[in-house]
Amino acid sequence: MEQLTLPENFFFGAAMSGPQTEGGWNVGGKLENLWDTWSMEDIESFYNRVGSYVGNDFMRRYKEDLELLKGLGLNSYRTSIQWSRLLDEDGNINPEGAAWYHELFRASKEAGIEVFVNLYHFDMPTYLFRRGGWQNREVCEAYANYAYKAFCEFGKEIRYWFTFNEPIVEPENRYWHPIWYPQHHSFQEACEVQYNISIAHALAVANYHRAVAEGHMLDDARIGMICNFSPSYTKEDPSEADLEALRMNDGLTNRWWLDLVTKGELPQDVIATLQELGIKLPIRPYDDQVLSSGVVDWIGCNYYQPCRVQAPSRNRDEWGNPLFAEPYVWPERVMNESRGWEIYPKGIYDFGMKCRDEYPDLEWFVSENGIGIEREYLNKDPETQQVQDDYRVDFVRDHLSWIARAINDGAHCVGYHYWGLIDNWSWSNAYKNRYGFIEVDLMENYDRRPKKSAAWLKQVATTHVIA
Ligand code: BGP
(Lines give C-alpha, C1' and ligand atoms only; values in the text may rest on other atoms or scores of the structure.)
Protein backbone atom coordinates (compact mmCIF):
# COMPACT_ATOMS: atom_id res chain seq x y z
CA MET A 1 0.00 0.00 0.00
CA GLU A 2 1.12 3.51 -0.86
CA GLN A 3 2.63 5.13 2.27
CA LEU A 4 1.96 8.83 2.36
CA THR A 5 3.58 11.36 4.65
CA LEU A 6 3.15 15.04 5.36
CA PRO A 7 6.08 17.49 5.34
CA GLU A 8 8.00 17.97 8.58
CA ASN A 9 7.31 21.67 9.00
CA PHE A 10 3.58 21.25 8.40
CA PHE A 11 0.99 23.09 10.51
CA PHE A 12 -1.06 20.28 12.01
CA GLY A 13 -3.79 21.58 14.22
CA ALA A 14 -7.35 22.55 14.95
CA ALA A 15 -9.83 25.20 13.87
CA MET A 16 -12.44 26.87 16.01
CA SER A 17 -14.09 30.27 16.36
CA GLY A 18 -14.82 32.65 19.23
CA PRO A 19 -18.63 32.66 18.94
CA GLN A 20 -18.79 28.86 18.75
CA THR A 21 -16.58 28.10 21.72
CA GLU A 22 -16.10 30.95 24.17
CA GLY A 23 -19.48 31.20 25.89
CA GLY A 24 -19.70 34.17 28.27
CA TRP A 25 -21.84 35.96 25.70
CA ASN A 26 -22.80 38.84 28.02
CA VAL A 27 -19.93 39.13 30.47
CA GLY A 28 -16.87 41.37 30.63
CA GLY A 29 -18.41 44.14 28.59
CA LYS A 30 -19.17 41.93 25.60
CA LEU A 31 -21.73 43.51 23.32
CA GLU A 32 -24.60 41.65 21.70
CA ASN A 33 -23.83 40.14 18.30
CA LEU A 34 -26.29 38.87 15.70
CA TRP A 35 -26.23 35.33 17.11
CA ASP A 36 -27.20 36.62 20.56
CA THR A 37 -29.93 38.77 19.07
CA TRP A 38 -31.36 35.91 17.01
CA SER A 39 -31.20 33.57 20.01
CA MET A 40 -33.14 36.05 22.12
CA GLU A 41 -35.69 36.88 19.45
CA ASP A 42 -36.36 33.39 18.12
CA ILE A 43 -34.85 30.47 20.02
CA GLU A 44 -37.06 28.05 18.06
CA SER A 45 -34.75 28.56 15.08
CA PHE A 46 -31.97 26.75 16.96
CA TYR A 47 -31.72 22.98 17.17
CA ASN A 48 -33.06 21.84 20.55
CA ARG A 49 -33.43 25.52 21.47
CA VAL A 50 -29.72 25.85 22.20
CA GLY A 51 -28.71 29.44 21.46
CA SER A 52 -25.49 31.40 21.17
CA TYR A 53 -24.83 31.72 24.88
CA VAL A 54 -23.42 28.22 25.17
CA GLY A 55 -20.19 27.98 23.16
CA ASN A 56 -18.38 24.96 24.54
CA ASP A 57 -17.25 26.61 27.75
CA PHE A 58 -13.86 27.49 26.29
CA MET A 59 -13.46 30.66 28.35
CA ARG A 60 -13.41 28.56 31.48
CA ARG A 61 -11.70 25.49 30.10
CA TYR A 62 -9.10 26.97 27.75
CA LYS A 63 -6.14 25.66 29.74
CA GLU A 64 -7.54 22.15 29.71
CA ASP A 65 -8.27 22.44 25.99
CA LEU A 66 -4.76 23.64 25.22
CA GLU A 67 -3.45 20.63 27.12
CA LEU A 68 -5.70 18.39 25.04
CA LEU A 69 -4.39 19.89 21.81
CA LYS A 70 -0.84 19.54 22.98
CA GLY A 71 -1.47 15.98 24.15
CA LEU A 72 -2.64 15.08 20.66
CA GLY A 73 0.60 16.38 19.18
CA LEU A 74 -0.96 19.40 17.47
CA ASN A 75 1.28 22.40 16.86
CA SER A 76 -1.24 25.11 16.01
CA TYR A 77 -4.85 26.19 16.12
CA ARG A 78 -7.04 28.94 14.80
CA THR A 79 -9.66 30.85 16.69
CA SER A 80 -11.30 34.22 16.19
CA ILE A 81 -11.41 37.39 18.20
CA GLN A 82 -15.01 38.50 18.67
CA TRP A 83 -15.42 42.09 17.51
CA SER A 84 -18.27 42.39 20.03
CA ARG A 85 -15.89 41.44 22.84
CA LEU A 86 -12.80 43.40 21.87
CA LEU A 87 -14.35 46.81 21.19
CA ASP A 88 -16.98 48.95 22.85
CA GLU A 89 -19.71 50.81 20.97
CA ASP A 90 -17.41 53.76 20.39
CA GLY A 91 -14.91 51.55 18.62
CA ASN A 92 -12.40 51.63 21.49
CA ILE A 93 -10.75 48.68 23.20
CA ASN A 94 -12.84 47.04 25.90
CA PRO A 95 -10.12 46.33 28.52
CA GLU A 96 -11.82 43.20 29.89
CA GLY A 97 -12.26 41.73 26.43
CA ALA A 98 -8.64 42.50 25.53
CA ALA A 99 -7.47 40.94 28.81
CA TRP A 100 -9.17 37.63 27.94
CA TYR A 101 -7.45 37.39 24.55
CA HIS A 102 -4.07 38.39 26.04
CA GLU A 103 -4.47 35.60 28.57
CA LEU A 104 -5.50 33.07 25.91
CA PHE A 105 -2.52 33.94 23.72
CA ARG A 106 -0.17 33.82 26.71
CA ALA A 107 -1.43 30.40 27.73
CA SER A 108 -1.14 29.15 24.13
CA LYS A 109 2.45 30.32 23.98
CA GLU A 110 3.16 28.63 27.26
CA ALA A 111 1.68 25.41 25.84
CA GLY A 112 3.94 25.79 22.79
CA ILE A 113 1.03 26.10 20.36
CA GLU A 114 0.94 28.69 17.58
CA VAL A 115 -2.32 30.63 17.39
CA PHE A 116 -3.77 31.76 14.06
CA VAL A 117 -6.14 34.66 14.65
CA ASN A 118 -9.13 35.39 12.51
CA LEU A 119 -10.95 38.69 12.94
CA TYR A 120 -14.46 37.88 11.79
CA HIS A 121 -16.47 34.67 11.88
CA PHE A 122 -20.07 35.64 10.95
CA ASP A 123 -20.36 37.70 14.18
CA MET A 124 -21.51 41.21 13.40
CA PRO A 125 -22.11 43.33 16.52
CA THR A 126 -25.83 44.01 16.60
CA TYR A 127 -25.57 47.79 17.04
CA LEU A 128 -23.68 47.90 13.73
CA PHE A 129 -26.20 45.61 12.05
CA ARG A 130 -28.86 48.12 13.13
CA ARG A 131 -26.92 50.76 11.21
CA GLY A 132 -27.12 48.64 8.06
CA GLY A 133 -24.45 46.02 8.71
CA TRP A 134 -22.44 45.09 5.65
CA GLN A 135 -24.84 47.06 3.47
CA ASN A 136 -23.42 50.24 4.99
CA ARG A 137 -19.97 51.35 3.86
CA GLU A 138 -19.38 52.97 7.24
CA VAL A 139 -19.52 49.52 8.82
CA CYS A 140 -16.68 48.48 6.49
CA GLU A 141 -14.70 51.39 7.87
CA ALA A 142 -15.65 50.43 11.44
CA TYR A 143 -14.38 46.92 10.69
CA ALA A 144 -11.08 48.30 9.36
CA ASN A 145 -10.74 50.33 12.58
CA TYR A 146 -11.42 47.20 14.63
CA ALA A 147 -8.79 45.27 12.65
CA TYR A 148 -6.25 48.04 13.18
CA LYS A 149 -6.94 48.12 16.92
CA ALA A 150 -6.49 44.33 17.08
CA PHE A 151 -3.20 44.49 15.12
CA CYS A 152 -1.84 47.15 17.49
CA GLU A 153 -3.07 45.37 20.63
CA PHE A 154 -1.85 41.84 19.79
CA GLY A 155 0.70 42.46 17.03
CA LYS A 156 3.62 41.32 19.16
CA GLU A 157 1.81 38.16 20.32
CA ILE A 158 0.28 36.82 17.12
CA ARG A 159 2.09 35.98 13.92
CA TYR A 160 -0.69 34.75 11.63
CA TRP A 161 -3.69 36.96 10.97
CA PHE A 162 -6.81 36.49 8.85
CA THR A 163 -9.40 39.10 7.94
CA PHE A 164 -12.44 36.89 7.37
CA ASN A 165 -13.66 33.33 7.60
CA GLU A 166 -15.83 32.26 4.65
CA PRO A 167 -16.88 35.74 3.51
CA ILE A 168 -19.38 34.25 1.03
CA VAL A 169 -21.53 32.74 3.77
CA GLU A 170 -23.20 35.85 5.18
CA PRO A 171 -24.28 37.16 1.76
CA GLU A 172 -25.62 33.72 0.93
CA ASN A 173 -27.19 32.66 4.23
CA ARG A 174 -28.42 35.98 5.58
CA TYR A 175 -29.36 37.90 2.43
CA TRP A 176 -29.79 35.62 -0.62
CA HIS A 177 -31.32 32.51 0.97
CA PRO A 178 -33.40 32.99 4.12
CA ILE A 179 -31.34 30.62 6.28
CA TRP A 180 -29.83 32.85 8.98
CA TYR A 181 -31.07 36.01 10.65
CA PRO A 182 -32.32 38.41 9.24
CA GLN A 183 -33.46 35.79 6.68
CA HIS A 184 -33.77 38.08 3.68
CA HIS A 185 -34.08 36.65 0.17
CA SER A 186 -32.66 39.28 -2.11
CA PHE A 187 -29.78 38.58 -4.48
CA GLN A 188 -29.37 42.34 -4.92
CA GLU A 189 -28.71 42.72 -1.18
CA ALA A 190 -26.41 39.70 -1.15
CA CYS A 191 -24.28 41.26 -3.89
CA GLU A 192 -24.07 44.56 -1.99
CA VAL A 193 -22.90 42.68 1.07
CA GLN A 194 -20.41 40.53 -0.86
CA TYR A 195 -18.96 43.64 -2.48
CA ASN A 196 -18.73 45.57 0.78
CA ILE A 197 -17.09 42.66 2.61
CA SER A 198 -14.48 42.67 -0.16
CA ILE A 199 -13.92 46.38 0.50
CA ALA A 200 -13.75 45.74 4.26
CA HIS A 201 -11.15 43.02 3.69
CA ALA A 202 -9.02 45.32 1.53
CA LEU A 203 -9.27 48.19 4.04
CA ALA A 204 -8.19 45.82 6.83
CA VAL A 205 -5.21 44.56 4.83
CA ALA A 206 -4.21 48.19 4.20
CA ASN A 207 -4.38 48.78 7.96
CA TYR A 208 -2.31 45.66 8.53
CA HIS A 209 0.44 47.15 6.36
CA ARG A 210 0.14 50.40 8.27
CA ALA A 211 0.56 48.49 11.55
CA VAL A 212 3.62 46.74 10.08
CA ALA A 213 5.13 50.07 9.00
CA GLU A 214 4.51 51.51 12.46
CA GLY A 215 6.35 48.61 14.08
CA HIS A 216 3.35 47.02 15.82
CA MET A 217 3.76 43.58 14.26
CA LEU A 218 6.22 40.72 14.54
CA ASP A 219 8.88 40.67 11.82
CA ASP A 220 7.58 37.43 10.31
CA ALA A 221 3.86 38.27 10.61
CA ARG A 222 1.53 37.32 7.77
CA ILE A 223 -1.95 38.33 6.70
CA GLY A 224 -4.45 36.09 4.95
CA MET A 225 -8.08 35.28 4.28
CA ILE A 226 -9.96 32.01 4.84
CA CYS A 227 -12.57 30.88 2.32
CA ASN A 228 -14.72 27.83 1.77
CA PHE A 229 -13.43 27.02 -1.66
CA SER A 230 -15.66 24.22 -2.86
CA PRO A 231 -14.17 22.96 -6.09
CA SER A 232 -16.94 23.34 -8.67
CA TYR A 233 -17.84 20.53 -11.06
CA THR A 234 -20.53 19.94 -13.62
CA LYS A 235 -21.62 16.90 -15.64
CA GLU A 236 -18.99 14.86 -17.41
CA ASP A 237 -20.49 15.67 -20.80
CA PRO A 238 -21.67 19.25 -20.23
CA SER A 239 -23.81 21.42 -22.48
CA GLU A 240 -22.98 25.08 -23.09
CA ALA A 241 -25.59 25.97 -20.48
CA ASP A 242 -23.98 23.65 -17.90
CA LEU A 243 -20.63 25.32 -18.51
CA GLU A 244 -22.24 28.73 -18.09
CA ALA A 245 -23.74 27.58 -14.76
CA LEU A 246 -20.28 26.45 -13.72
CA ARG A 247 -18.69 29.77 -14.70
CA MET A 248 -21.06 31.86 -12.59
CA ASN A 249 -21.14 29.48 -9.65
CA ASP A 250 -17.37 29.20 -9.51
CA GLY A 251 -17.03 32.91 -10.29
CA LEU A 252 -19.21 34.13 -7.44
CA THR A 253 -18.00 31.72 -4.79
CA ASN A 254 -14.37 30.94 -5.63
CA ARG A 255 -12.78 33.19 -8.24
CA TRP A 256 -14.27 36.30 -6.61
CA TRP A 257 -12.08 35.80 -3.54
CA LEU A 258 -9.09 34.23 -5.28
CA ASP A 259 -8.81 37.22 -7.61
CA LEU A 260 -9.23 39.63 -4.70
CA VAL A 261 -6.49 38.07 -2.58
CA THR A 262 -4.00 37.40 -5.40
CA LYS A 263 -4.58 40.32 -7.79
CA GLY A 264 -6.42 42.90 -5.71
CA GLU A 265 -9.39 42.93 -8.10
CA LEU A 266 -12.73 41.23 -8.71
CA PRO A 267 -13.41 38.93 -11.67
CA GLN A 268 -14.60 41.17 -14.51
CA ASP A 269 -16.70 38.52 -16.25
CA VAL A 270 -18.72 37.99 -13.06
CA ILE A 271 -19.18 41.74 -12.51
CA ALA A 272 -20.28 42.10 -16.15
CA THR A 273 -22.92 39.35 -15.78
CA LEU A 274 -24.23 40.96 -12.59
CA GLN A 275 -24.50 44.30 -14.36
CA GLU A 276 -26.31 42.73 -17.33
CA LEU A 277 -28.83 41.38 -14.84
CA GLY A 278 -29.42 44.86 -13.43
CA ILE A 279 -27.64 44.20 -10.12
CA LYS A 280 -26.29 47.44 -8.67
CA LEU A 281 -23.02 47.11 -6.79
CA PRO A 282 -22.22 49.93 -4.33
CA ILE A 283 -19.07 50.85 -6.24
CA ARG A 284 -17.50 54.20 -5.39
CA PRO A 285 -14.98 56.13 -7.47
CA TYR A 286 -11.44 54.88 -6.85
CA ASP A 287 -12.66 51.58 -5.37
CA ASP A 288 -10.26 49.79 -7.72
CA GLN A 289 -7.47 51.41 -5.70
CA VAL A 290 -9.07 50.31 -2.44
CA LEU A 291 -9.43 46.72 -3.68
CA SER A 292 -5.83 46.63 -4.88
CA SER A 293 -4.80 46.51 -1.19
CA GLY A 294 -6.59 43.18 -0.84
CA VAL A 295 -3.61 41.04 -1.83
CA VAL A 296 -2.53 38.72 1.01
CA ASP A 297 0.46 36.58 1.96
CA TRP A 298 -1.39 33.26 2.01
CA ILE A 299 -4.89 31.81 2.30
CA GLY A 300 -6.83 29.15 4.15
CA CYS A 301 -9.15 26.77 2.35
CA ASN A 302 -12.07 25.34 4.30
CA TYR A 303 -13.03 22.16 2.52
CA TYR A 304 -16.02 19.99 3.39
CA GLN A 305 -17.73 19.19 0.12
CA PRO A 306 -17.49 19.74 -3.62
CA CYS A 307 -20.03 21.86 -5.44
CA ARG A 308 -21.70 20.13 -8.40
CA VAL A 309 -23.90 22.22 -10.63
CA GLN A 310 -25.83 22.04 -13.88
CA ALA A 311 -27.86 24.48 -15.95
CA PRO A 312 -30.95 25.68 -14.07
CA SER A 313 -34.38 24.66 -15.32
CA ARG A 314 -35.65 28.25 -14.86
CA ASN A 315 -34.00 31.64 -14.82
CA ARG A 316 -35.55 33.10 -11.67
CA ASP A 317 -36.53 31.76 -8.26
CA GLU A 318 -39.83 32.39 -6.47
CA TRP A 319 -38.59 35.77 -5.22
CA GLY A 320 -37.44 36.90 -8.63
CA ASN A 321 -33.74 36.36 -7.92
CA PRO A 322 -31.62 35.14 -10.82
CA LEU A 323 -30.83 31.42 -10.80
CA PHE A 324 -27.42 30.65 -12.20
CA ALA A 325 -27.27 26.94 -11.50
CA GLU A 326 -29.04 23.97 -10.00
CA PRO A 327 -27.43 21.22 -7.96
CA TYR A 328 -26.20 18.29 -10.00
CA VAL A 329 -26.42 14.94 -8.25
CA TRP A 330 -23.39 12.94 -9.25
CA PRO A 331 -24.48 9.31 -9.60
CA GLU A 332 -21.41 8.08 -7.69
CA ARG A 333 -21.66 10.46 -4.80
CA VAL A 334 -21.10 9.37 -1.20
CA MET A 335 -22.96 11.38 1.43
CA ASN A 336 -22.56 12.41 5.02
CA GLU A 337 -26.27 12.03 5.63
CA SER A 338 -26.18 13.91 8.97
CA ARG A 339 -25.08 17.13 7.34
CA GLY A 340 -26.36 16.50 3.81
CA TRP A 341 -22.91 17.11 2.40
CA GLU A 342 -21.14 14.98 -0.21
CA ILE A 343 -17.86 13.43 0.88
CA TYR A 344 -15.31 13.80 -1.90
CA PRO A 345 -11.75 13.82 -0.58
CA LYS A 346 -10.21 14.22 -4.03
CA GLY A 347 -11.74 17.72 -4.19
CA ILE A 348 -8.93 19.04 -2.03
CA TYR A 349 -6.39 17.65 -4.51
CA ASP A 350 -8.22 19.34 -7.38
CA PHE A 351 -8.18 22.64 -5.47
CA GLY A 352 -4.43 22.25 -4.93
CA MET A 353 -3.84 21.64 -8.63
CA LYS A 354 -6.02 24.61 -9.59
CA CYS A 355 -3.96 26.88 -7.33
CA ARG A 356 -0.69 25.42 -8.60
CA ASP A 357 -1.70 26.07 -12.21
CA GLU A 358 -3.66 29.32 -11.96
CA TYR A 359 -2.19 31.06 -8.89
CA PRO A 360 1.32 29.56 -8.79
CA ASP A 361 2.74 31.84 -6.12
CA LEU A 362 -0.11 31.34 -3.69
CA GLU A 363 0.64 29.46 -0.49
CA TRP A 364 -2.34 27.90 1.30
CA PHE A 365 -3.36 25.50 4.00
CA VAL A 366 -6.47 23.50 4.75
CA SER A 367 -8.02 25.74 7.38
CA GLU A 368 -11.10 23.58 8.06
CA ASN A 369 -12.10 20.04 7.23
CA GLY A 370 -14.17 17.69 9.31
CA ILE A 371 -17.20 15.49 9.63
CA GLY A 372 -20.22 16.24 11.81
CA ILE A 373 -22.39 13.29 12.85
CA GLU A 374 -25.86 13.41 14.30
CA ARG A 375 -26.75 11.39 17.43
CA GLU A 376 -23.17 10.28 17.88
CA TYR A 377 -23.96 9.23 21.43
CA LEU A 378 -25.68 6.17 19.91
CA ASN A 379 -22.24 4.98 18.81
CA LYS A 380 -20.86 4.68 22.35
CA ASP A 381 -19.21 1.55 23.64
CA PRO A 382 -21.65 0.34 26.33
CA GLU A 383 -18.86 -0.42 28.78
CA THR A 384 -16.39 2.42 28.38
CA GLN A 385 -18.94 4.98 27.13
CA GLN A 386 -16.41 6.08 24.54
CA VAL A 387 -17.72 7.23 21.14
CA GLN A 388 -16.63 4.71 18.49
CA ASP A 389 -16.08 6.97 15.49
CA ASP A 390 -14.12 4.97 12.93
CA TYR A 391 -15.90 6.95 10.19
CA ARG A 392 -14.00 10.06 11.42
CA VAL A 393 -10.68 8.30 10.98
CA ASP A 394 -11.67 7.22 7.45
CA PHE A 395 -12.78 10.74 6.58
CA VAL A 396 -9.62 12.46 7.79
CA ARG A 397 -7.28 9.79 6.47
CA ASP A 398 -8.79 10.07 2.99
CA HIS A 399 -8.51 13.85 2.99
CA LEU A 400 -4.96 13.87 4.35
CA SER A 401 -3.98 11.34 1.70
CA TRP A 402 -5.20 13.59 -1.10
CA ILE A 403 -3.41 16.54 0.53
CA ALA A 404 -0.16 14.54 0.60
CA ARG A 405 -0.62 13.59 -3.08
CA ALA A 406 -1.29 17.23 -3.96
CA ILE A 407 1.91 18.30 -2.18
CA ASN A 408 3.83 15.57 -4.02
CA ASP A 409 2.43 16.97 -7.27
CA GLY A 410 3.55 20.52 -6.52
CA ALA A 411 0.76 22.08 -4.42
CA HIS A 412 1.88 24.81 -2.00
CA CYS A 413 -0.10 23.40 0.91
CA VAL A 414 1.53 24.07 4.28
CA GLY A 415 -0.94 22.79 6.85
CA TYR A 416 -4.14 21.11 7.97
CA HIS A 417 -6.51 22.28 10.71
CA TYR A 418 -9.34 19.96 11.66
CA TRP A 419 -12.65 21.72 12.27
CA GLY A 420 -14.25 21.17 15.57
CA LEU A 421 -11.52 19.15 17.27
CA ILE A 422 -13.50 19.55 20.47
CA ASP A 423 -17.28 19.41 19.85
CA ASN A 424 -18.65 22.94 19.60
CA TRP A 425 -21.75 25.00 18.91
CA SER A 426 -22.67 24.98 15.22
CA TRP A 427 -24.81 28.09 14.68
CA SER A 428 -28.47 27.21 14.19
CA ASN A 429 -27.57 23.50 14.19
CA ALA A 430 -26.29 24.02 17.74
CA TYR A 431 -25.01 20.62 18.95
CA LYS A 432 -26.88 18.50 16.38
CA ASN A 433 -23.83 17.35 14.43
CA ARG A 434 -20.71 16.54 16.44
CA TYR A 435 -17.35 17.15 14.75
CA GLY A 436 -14.92 16.52 17.57
CA PHE A 437 -12.16 14.04 18.20
CA ILE A 438 -13.04 15.08 21.73
CA GLU A 439 -16.62 14.77 22.96
CA VAL A 440 -18.22 17.57 24.96
CA ASP A 441 -20.80 16.20 27.38
CA LEU A 442 -23.62 18.71 27.65
CA MET A 443 -25.27 16.72 30.44
CA GLU A 444 -22.08 16.75 32.51
CA ASN A 445 -21.04 20.37 32.68
CA TYR A 446 -19.26 20.34 29.28
CA ASP A 447 -16.81 17.65 30.35
CA ARG A 448 -14.32 16.67 27.64
CA ARG A 449 -13.76 13.01 26.71
CA PRO A 450 -11.57 11.66 23.88
CA LYS A 451 -13.42 9.63 21.27
CA LYS A 452 -11.89 6.48 19.84
CA SER A 453 -10.46 8.42 16.87
CA ALA A 454 -8.29 10.62 19.11
CA ALA A 455 -5.57 7.98 19.48
CA TRP A 456 -5.32 7.69 15.69
CA LEU A 457 -5.09 11.47 15.28
CA LYS A 458 -2.29 11.65 17.80
CA GLN A 459 -0.31 9.05 15.93
CA VAL A 460 -0.61 10.90 12.61
CA ALA A 461 0.03 14.33 14.15
CA THR A 462 3.19 13.17 15.87
CA THR A 463 4.65 11.03 13.05
CA HIS A 464 3.21 12.81 9.97
CA VAL A 465 2.75 9.34 8.49
CA ILE A 466 -0.82 8.86 7.25
CA ALA A 467 -1.55 5.45 8.65
C1 BGP B 1 -17.84 26.23 8.33
C2 BGP B 1 -17.73 27.29 9.37
C3 BGP B 1 -17.62 26.80 10.76
C4 BGP B 1 -18.31 25.48 11.07
C5 BGP B 1 -18.26 24.48 9.94
C6 BGP B 1 -19.17 23.28 10.07
O7 BGP B 1 -18.58 26.71 7.27
O8 BGP B 1 -16.62 28.13 9.14
O9 BGP B 1 -17.97 27.85 11.60
O10 BGP B 1 -19.49 25.64 11.71
O11 BGP B 1 -18.52 25.07 8.69
O12 BGP B 1 -20.44 23.57 9.57
P13 BGP B 1 -21.75 23.44 10.44
O14 BGP B 1 -21.42 24.01 11.77
O15 BGP B 1 -22.77 24.26 9.72
O16 BGP B 1 -22.09 21.99 10.46
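The values are calculated or read from the model by the stated rules, or taken from the named source; none is laboratory data. Remember, it's a predicted structure, so these values are computed and weren't measured experimentally. Reconstructed Cβ throughout: ideal geometry from the backbone, glycine too, with neighbour counts over all protein chains shown.
Computed quantities for the displayed model
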| read-out | value |
| --- | --- |
| Meets criteria (away from the ligand (no atom under 16 Å from the Cβ), aliphatic (A, V, I, L, M) and either at pLDDT 95 or above or buried (at least 16 other Cβ atoms within 10 Å of the Cβ) (or both)) for residue 66 | yes |
| Index of the failed condition, residue 59 passing every other in (1) under 24 Å from residue 454 (Cβ atoms); (2) within 16 Å of the ligand (Cβ to nearest atom); (3) not in a loop (DSSP other than H, G, I, E, B) | (2) |
| Residue in region 164-183 that is of a type in the set (Val, Ile, Thr), away from the ligand (no atom under 16 Å from the Cβ) and either buried (at least 18 other Cβ atoms within 10 Å of the Cβ) or within 21 Å of residue 91 (Cα to Cα) (or both) present | no |
| Which numbered condition residue 206 fails, given (1) surrounded by 22 or more Cβ atoms within 10 Å (Cβ to Cβ); (2) in contact with a helix residue (DSSP H, G or I) (Cβ under 7 Å, 6 or more places away or on another chain); (3) part of a helix (DSSP H, G or I) | (1) |
| Residues being under 17 Å from residue 124 (Cα atoms), in contact (Cβ under 8 Å) with a residue 24 or more places away in the chain and among the polar types (S, T, N, Q) - total across region 1-59 | 7 |
| Selection status of residue 465, surrounded by 20 or more Cβ atoms within 10 Å (Cβ to Cβ) and either of a type in the set (Val, Ile, Thr) or at positive phi (or both) | no |
| Residue that is nearest to the ligand (Cβ to nearest atom) [pool: residues in region 211-227 that are of a type in the set (A, V, I, L, M, F, W, C) and touching a residue at least 60 places away in the same chain (Cβ under 8 Å)] | 226 |
| Selection within region 423-463 - of a type in the set (D, E, K, R), over 14 Å from residue 391 (Cα atoms) and part of a loop (DSSP other than H, G, I, E, B) | 423, 432 |
| Single residue of 371, 422, 407 found to be away from the ligand (no atom under 16 Å from the Cβ) and among the β-branched types (Val, Ile, Thr) | 407 |
| Any hit, region 279-300, residues being under 27 Å from residue 339 (Cβ atoms) and in contact with a strand residue (DSSP E or B) (Cβ under 7 Å, 6 or more places away or on another chain) | yes |
| Criterion violated by residue 88 - all others in (1) surrounded by fewer than 22 Cβ atoms within 10 Å (Cβ to Cβ); (2) in contact with a Phe, Trp or Tyr (Cβ under 9 Å, 6 or more places away or on another chain); (3) not hydroxyl-bearing (Ser, Thr, Tyr) satisfied | (2) |
| Subset of region 294-310 [more than 16 Å from the ligand (Cβ to nearest atom) and surrounded by 18 or more Cβ atoms within 10 Å (Cβ to Cβ)] | 294, 296, 298, 308, 309, 310 |
| Residue within region 10-20 that is of a type outside the set (Ser, Thr, Tyr), in a loop (DSSP other than H, G, I, E, B), within 13 Å of the ligand (Cβ to nearest atom) and surrounded by 15 or more Cβ atoms within 10 Å (Cβ to Cβ) present | yes |
| Selection within region 232-282 - assigned to a loop (DSSP other than H, G, I, E, B) and among the β-branched types (Val, Ile, Thr) | 234, 279 |
| Some residue of region 418-425 being over 23 Å from residue 346 (Cα atoms), buried (at least 17 other Cβ atoms within 10 Å of the Cβ), of a type in the set (D, E, K, R) and within 20 Å of the chain's Cα centre (by Cα) | yes |
| Residues satisfying the stated conditions in region 349-389, i.e. part of a helix (DSSP H, G or I) and touching a Phe, Trp or Tyr at 6+ places or on another chain (Cβ under 7 Å) | 349, 351, 355 |
| Complete set of residues in region 293-336 that are part of a loop (DSSP other than H, G, I, E, B), of a type in the set (D, E, K, R) and within 16 Å of residue 231 (Cβ to Cβ) | 332, 333 |
| Verdict on residue 402 being within 16 Å of the ligand (Cβ to nearest atom) and either farther than 29 Å from residue 45 by Cα or crowded, with 24+ Cβ neighbours inside 10 Å (or both) | no |
| Test: residue 95 is touching a Ser or Thr at 6+ places or on another chain (Cβ under 7 Å) and more than 21 Å from residue 10 (Cα to Cα) | no |
| Search result, residues across region 123-147 that are in contact with an Asp or Glu (Cβ under 8 Å, 6 or more places away or on another chain) and free of Cβ contacts under 8 Å to residues at least 60 places away in the same chain | 131, 132 |
| Unmet requirement for residue 199, which otherwise passes all of (1) within 16 Å of the ligand (Cβ to nearest atom); (2) buried (at least 23 other Cβ atoms within 10 Å of the Cβ); (3) assigned to a helix (DSSP H, G or I); (4) not charged (D, E, K, R) | (1) |
| Flag for residue 406 being in contact with a helix residue (DSSP H, G or I) (Cβ under 7 Å, 6 or more places away or on another chain) and assigned to a loop (DSSP other than H, G, I, E, B) | no |
| Of all residues making up region 324-373, the number that are touching a residue at least 60 places away in the same chain (Cβ under 8 Å) and among the basic types (Lys, Arg) | 2 |
